[in-house]
1. Exposure proxy check: 45, 14 ranked by fewest other beta carbons within 10 Å?
2. Mind checking the log10 I(q)/I(0) for the chain at q = 0.15, 0.23, 0.27, 0.29 Å⁻¹? Debye, one equal scatterer per Cα, no solvent, two decimals.
3. Which stretch or stretches of the range 6-34 have amide N atoms under 15 Å from the point lying 7 Å from residue 50's Cα along the Cα→Cβ direction?
4. How large is the charge dipole for the chain, taken about the Cα centre, if only the Cβ atoms of Lys, Arg (+1) and Asp, Glu (-1) carry charge, to the nearest 20 debye?
5. Apply the Karplus parameterisation 6.51 cos²θ - 1.76 cosθ + 1.60, with θ equal to phi minus 60°, to every residue of the range 8-24 and state each ³J(HN,Hα) to the nearest whole Hz, in sequence, with x for glycine and proline.
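Throughout, read-outs are computed from the coordinates displayed, never taken from laboratory work. Everything quoted here is computed from the prediction, not taken from an experiment. Every residue, glycine among them, receives a Cβ derived from its backbone with ideal geometry; neighbour counts consider all protein chains shown.
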Amino acid sequence: MWRKLLLLAAAIYVFLPIDLIPDMLPVAGWLDDAAVVFIAVAQFVRAARQTRMKTWAKAP
């Protein structure tokens, strides 16, 4: 559940005009958005893999 909230928080962070590093700085502003999205997606994919492995392990 918290990983879905992390994805939502990452989406909100990317689309809000208030950032840790402003997007007016050409490279750094975009990199912090990309890093937030990458971390959120990586956590979500890791959770999906763990769930899938648990499900496959229980299969007869």
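1. Details: 45 11, 14 15.
Going from sparsest to densest Cβ surroundings: 45, 14.
2. Debye intensities relative to I(0), on a log10 scale: -0.53, -0.87, -1.03, -1.10.
3. Answer for the range 6-34: 6-7.
4. Values: 7 positive and 4 negative charges, 159 e Å.
I would put it at about 760 debye.
5. Values per residue, Gly and Pro as x: 4, 5, 5, 5, 5, 4, 5, 8, 6, x, 8, 10, 5, 10, x, 6, 5 Hz.
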